[in-house]
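The values are calculated or read from the model by the stated rules, or taken from the named source; none is laboratory data. Here the structure is a predicted model, which means the values were calculated and not measured. Cβ placement follows ideal geometry from the backbone for every residue including glycine, while neighbour counts extend to all protein chains displayed.
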Amino acid sequence: MKRHLFTGIFIGFPLGFIACLYLFIPIFKKSEVTERFDQLHNILDNQAEQNSQKNRVFIGYLDSLRQSGKVADSTVQHLTELRSRTEDITSLIKNIIKELDKEPASLDPKSSTKVNQLMIAGEGDTKGKAYSLQTSINEHVGWINISFNKSYPLLALDGKDDPLYVNQETGEEKIPGAKEQDFAHLNFENTPTIAALAFLTEKKVRITQMEKEIMDEIQEDLGLIYFKPGN
């Protein structure tokens, strides 16, 4: 029951990890909260991998139909580019997760130092990985919207643009100081590794889910109502 409670909260409010985390610490021991974050990370990661696998199989199926003249070359090429771009951005996220996951995930405030250094500070005069990640994620969503006539919201927002933290109609802050924070500080500053991992994995799920929704629409448009991955 508790597992479903945590999963529902974090999927419904993807940018509220830390606030929710500290809300539950008085109820559960820190070890229990860590365990639930770890469970969440695994659930989300499995969902992202399932989405990717279904999408890969569908592309292969469409290619076989293309070879028999049942599907246009342009359709397969367009979706193949989508698959390639999705793989690129999810691989970028996976690599960041690997760097953060080199040490045991923890709620210990000291673990946030590693997150700060990797995601915000960077090395020398360079910025952390959160800045290039933000650009890559938003460019990917923008490309999808243009290429497939969609209107998906950007997934990596600065505080002033994020409806979770700032009312976009009135400009009222839901969390004091949110307008002044960029994406990197808003989501990774003083963030324990376990929360950062879950946050990044949730982004990976959202990206693969967009791809899956487009694939499903193409499948329906082509009348492939009996196609199921593995068949």
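The figures follow:
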| read-out | value |
| --- | --- |
| Where a residue in the range 75-100 is under 19 Å from ARG56 (Cα atoms) and in contact (Cβ under 8 Å) with a residue 40 or more places away in the chain and its partner, wherever it lies, is outside any helix (DSSP H, G or I) and hydrophobic (A, V, I, L, M, F, W, C), with Cβ under 9 Å and at least six apart | THR75/LEU222; HIS78/PHE148; LEU82/PHE148 |
| Members of the range 78-102 found to be of a type in the set (S, T, N, Q) and surrounded by fewer than 17 Cβ atoms within 10 Å (Cβ to Cβ), listed by number | THR80, SER84, SER91, ASN95 |
| Candidates THR34, THR7, THR75, filtered to the one that is crowded, with 16+ Cβ neighbours inside 10 Å and either at pLDDT 55 or above or of a type in the set (Ser, Thr, Tyr) (or both) | THR34 |
| Number of the condition not met by GLN219 [criteria: (1) farther than 25 Å from ASN42 by Cβ; (2) touching a His at 6+ places or on another chain (Cβ under 8 Å); (3) among the polar types (S, T, N, Q)] | (2) |
| Single residue of ILE214, ILE120, ILE207 found to be surrounded by 15 or more Cβ atoms within 10 Å (Cβ to Cβ) and more than 21 Å from THR80 (Cβ to Cβ) | ILE120 |
| Evaluation of ILE214 against (1) in contact (Cβ under 8 Å) with a residue 12 or more places away in the chain; (2) over 27 Å from GLN50 (Cβ atoms) (one fails), failing number | (2) |
| Failed item in (1) closer than 25 Å to ASN51 by Cα; (2) surrounded by fewer than 18 Cβ atoms within 10 Å (Cβ to Cβ); (3) of a type outside the set (Gly, Ala, Ser), with ILE194 passing the rest | (2) |
| Sole residue being free of Cβ contacts under 8 Å to residues at least 40 places away in the same chain, loosely packed, with under 15 Cβ neighbours inside 10 Å and among the basic types (Lys, Arg), chosen from LYS174, LYS160, LYS179 | LYS174 |
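Rundown of residues vs (1) farther than 30 Å from LEU82 by Cβ; (2) at pLDDT 95 or above; (3) not in a loop (DSSP other than H, G, I, E, B), yes/no style:
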residue	(1), (2), (3)
SER112	yes, no, yes
THR135	no, yes, yes
ASN138	no, yes, yes
VAL141	no, yes, yes
LEU186	no, no, yes
